[in-house]
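The values are calculated or read from the model by the stated rules, or taken from the named source; none is laboratory data. Note that the coordinates shown come from a computational prediction; the quantities given were computed from them, not determined experimentally. All Cβ positions, glycine included, derive from the backbone under ideal geometry; neighbour counts span all protein chains shown.
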Amino acid sequence: MLRHEPQHDHIIRIFVRALWAARVAVFSAVGALVVFWKLPQARDLLMELRGGMVETTFYWVLFYVAVTILWLLPVYCASRVALASRQDWIGVQRHATLTPKRRAILTPLSREPISC
């Protein structure tokens with residue numbers, strides 16, 4: 001596998017490669033935007049409720065917990081693993097901008113398994 005140095009790759013190429021490596025997260029965000037843009041039923045999810053303070057608070061807490069657990073965390077973890085495991089292909093170095101002293105401290109830590 002070829003290693004790409006960041007100074008040789010153009011910033012747009014690195015950005016496009018990072019988007020492609022995290023394509024699940026990108027397609028998920030674009031899909032959510034299209035759904036909220038095109039479907040009135042999706043926009044109705046964010047409609048203000050005419051209930052008491054307790055019902056409204058319960059609805060929004062439940063909504064944000066569901067979004068976080070069912071969408072945000074899986075997409076975030078998948079994109080983090082994809083970006084971390086394909087850094088050579090994207091064209092970035094993990095500790096390229098660190099001083100040698102900090103690089104010596106962080107390099108053993110970077111060999112740990114990728115976790116979310």
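I need the full set of residues from the range 12-43 which are touching a residue at least 60 places away in the same chain (Cβ under 8 Å), among the hydrophobic types (A, V, I, L, M, F, W, C) and in a helix (DSSP H, G or I), in order please.
As a first pass, look at the range 12-43 and keep what is touching a residue at least 60 places away in the same chain (Cβ under 8 Å): 13-14, 17-18, 21-22.
Filter once more, so that each one left must be among the hydrophobic types (A, V, I, L, M, F, W, C): 14, 18, 21-22.
If the condition is that a residue be touching a residue at least 60 places away in the same chain (Cβ under 8 Å), among the hydrophobic types (A, V, I, L, M, F, W, C) and in a helix (DSSP H, G or I), then I14, A18, A21 are the ones that fit.
Conditions: (1) in contact with a helix residue (DSSP H, G or I) (Cβ under 9 Å, 6 or more places away or on another chain); (2) modelled with pLDDT of 70 or more. E55 meets all but one. Number of the miss?
The one condition E55 does not meet is (1).
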